[in-house]
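*Asks:* Attaching a single structure in structure tokens format; questions to follow.
The values are calculated or read from the model by the stated rules, or taken from the named source; none is laboratory data. If you're wondering where the values come from, they're calculated on a predicted model, not measured in any experiment. All Cβ positions, glycine included, derive from the backbone under ideal geometry; neighbour counts span all protein chains shown. When the accessible area is computed, the model is the full protein with side chains, heavy atoms only, and any ligands, DNA or RNA have been set aside. Shrake-Rupley method; radii C 1.70, N 1.55, O 1.52, S 1.80 Å.
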Amino acid sequence: MKTQVAVIGAGPAGLLLAHLLRAEGVEVIVVERSSADHVLGRIRAGVLERTTTDLMDRLGLGARMHAEGLPHDGFHLADGERLIRIDIAKLTGQQVMVYGQTELTRDLMAAAPERGVEIIYEAADVALHDVEGDAPYVTFVQDGQERRIDARFIGGCDGFHGPSRRAIPETVARHFERVYPFGWLGILADVPPCNHELIYANHARGFALASMRSPTRSRYYVQVPLDERVEDWPDERLWDELAIRLGPEAAAHMVRGPAIEKSIAPLRSYVFEPMRHGSLLLAGDSAHIVPPTGAKGLNLAASDVAYLSDALIRFFMAGDGDGVAGYSDKALARVWKAERFSWQLTRLMHRFPENDAFDRRMQLADLDYIASSVAAQTTIAENYVGLPL
Ligand code: RFL
Ligand code: PHB
């Protein structure tokens, strides 16, 4: 097979990139290791920035998101007792959109055939070749048969564990990492949310988050030590813990119900530099991971792809390679600011094993300051809604 851009990975980054390129007439083929159902089964992000919803609108694929998504004007930080509201609409003039990653992915997948976006699912042994030159190619095995795609560029959108980043030699690679000594245990349940907005709580027992997918579906998380397993947390124990950590107001409105999904995700901050090597361009989780505290992961994948699609369209339509050459620096400048915000909010809101009474008082003083300072709230709000592209 031959195409202009071979995209590896059909998560949000890969699908958005493929659609944006295709909409401008660039040829693209997407190669995905898993089945479409498996991709849709992963419950992940829930909060979209304006930069992300704008991309869906630009593609003309935002209709269901606007009909079913929940625009939010604010969210809460909690210190175990009270709720501190961050009024993002008043402070920034913007909203965020609660719309699940699964739904966004479903919309992009559903529109692929009619838009001429070819996606090859269940591709095994995907490998990248000759990425340093201008004739790279991808090989994989489909239905037992070896296949090959020749391309001008490869978009590496295969997440944290994919092969793209590893195709960049260690001699040029730089890794920056912070691994946190805890994870998030998430539960999805068909019960109404305890608050119409999100609550991020720092309780002496650890972090908790109340989120949602719709007016009838809730998503909650609690911070757990890394050695704990899902089996350690029967539903009742999890609801009891959430009620304590989220504080009395949330607990009073919390409706319990059976888990329809429960999983533990470790927390990590990670950046890989550079995001381009020759004809290989990384976007999304393949190049960077943020802890989910700032709701930035999917949104960063979308902003990478906004830069990358512009660069590639310029290359193919105007023969101008400057965008491609400058992609890594441009994307990384925004990535690092989102890394900073996610890391800072993670430190503010979690209980670290090494923290002592002094650290706890510092967190509480920080929250008390935020509660009383419009300047502090504005800083949080402008990062939460997403820095401009
Ligand atoms: P993905 O979604 O991991 O997609 C990568 C795709 O590549 C495929 N792949 C391969 N394909 C071919 N060959 C191979 N060898 C391959 N290896 C892998 C995979 O099957 C997959 O389909 O990466 P992408 O597209 O960069 O998207 C990134 C987002 O998924 C991620 O950043 C977010 O989910 C992070 N995240 C959140 N982000 C937000 O913006 N807001 C949130 O509220 C938010 N909450 C979260 C989150 C992530 C979480 N977890 C579980 C990590 C909450 C959680 C709990
Ligand atoms: C979610 O709803 O899954 C969610 C929301 C906000 C976050 C992380 C996850 O910061």
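*Asks:* Between Phe160 and Arg361, what FRET efficiency follows from the Cβ-Cβ distance if R0 is 45 Å, with the result rounded to 0.05?
*Replies:* 0.80
*Asks:* Report the gain in length on full extension from Phe352 to Asp130: 0.36 nm times residue separation, minus Cα-Cα distance, nm rounded to one decimal.
*Replies:* 75.5 nm
*Asks:* Ok, one more. Have a look at Ile8, Gly62, Thr102 and report the one farthest towards the positive end of the charge dipole of the stretch 1-116, computed about the Cα centre with Cβ charges (Lys/Arg +1, Asp/Glu -1).
*Replies:* Ile8
*Asks:* What does the charge count around Asn355 come to, taking other residues whose C-beta lies under 11 Å from its C-beta (Lys +1, Arg +1, Asp -1, Glu -1)?
*Replies:* Around Asn355, the charge tally is +1.
*Asks:* So what is the relative contact order for the chain, in percent, with contacts set as C-alpha pairs under 8 Å and at least six apart?
*Replies:* 21 percent
*Asks:* Roughly how far apart, in whole Å, are the Cα centres of the stretch 46-103 and the stretch 107-180?
*Replies:* Their Cα centres are 30 Å away from one another.
*Asks:* As a test question: what accessible area, to the nearest 10 Å², does Arg245 have when a 1.4 Å probe is rolled over all protein chains in place?
*Replies:* 10 Å²
*Asks:* Tell me, what is the FRET efficiency for Trp336 and Val255 to the nearest 0.05, using R0 = 51 angstrom and their Cβ-Cβ distance as r?
*Replies:* According to the calculation, E is roughly 0.80.
*Asks:* Of all accessible surface on the chain at a 1.4 Å probe, what whole percent is carbon and sulfur?
*Replies:* Roughly 51 percent of what the probe reaches on the chain is carbon or sulfur.
*Asks:* Moving on. Where both partners of a DSSP beta bridge lie in the chain, what percent of those bridges are antiparallel, to the nearest 5?
*Replies:* 75 percent
*Asks:* Given a 1.4 Å probe, how much area per residue of the chain is accessible, in Å²?
*Replies:* Here the residues of the chain average 42 Å² of exposed surface.
*Asks:* Here's a follow-up. What's the magnitude of the charge dipole for the chain around its Cα centre, counting Lys and Arg as +1 and Asp and Glu as -1 at the beta-carbon? Answer in Debye, nearest 20.
*Replies:* 460 debye
*Asks:* What are the aspartates and glutamates whose alpha-carbon lies under 15 Å from the alpha-carbon of Lys296, with same-chain residues fewer than 8 places away excluded?
*Replies:* Answer for Lys296, where 15 Å is the Cα cut-off: Glu49, Asp285, Asp304, Glu339, Glu382, listed by chain and number.
*Asks:* Now for a separate question. For the chain, which DSSP H helices look membrane-span-like by this rule: Cα extent along the axis of 30 Å or more and mean Kyte-Doolittle of at least -1.0?
*Replies:* Correct list, ordered by number: 297-318, 322-349.
*Asks:* For a quick protection proxy, order the peptides 214-226, 47-59, 246-258, 2-14 by their average other-Cβ count within 10 Å, most packed first.
*Replies:* 2-14, 47-59, 214-226, 246-258
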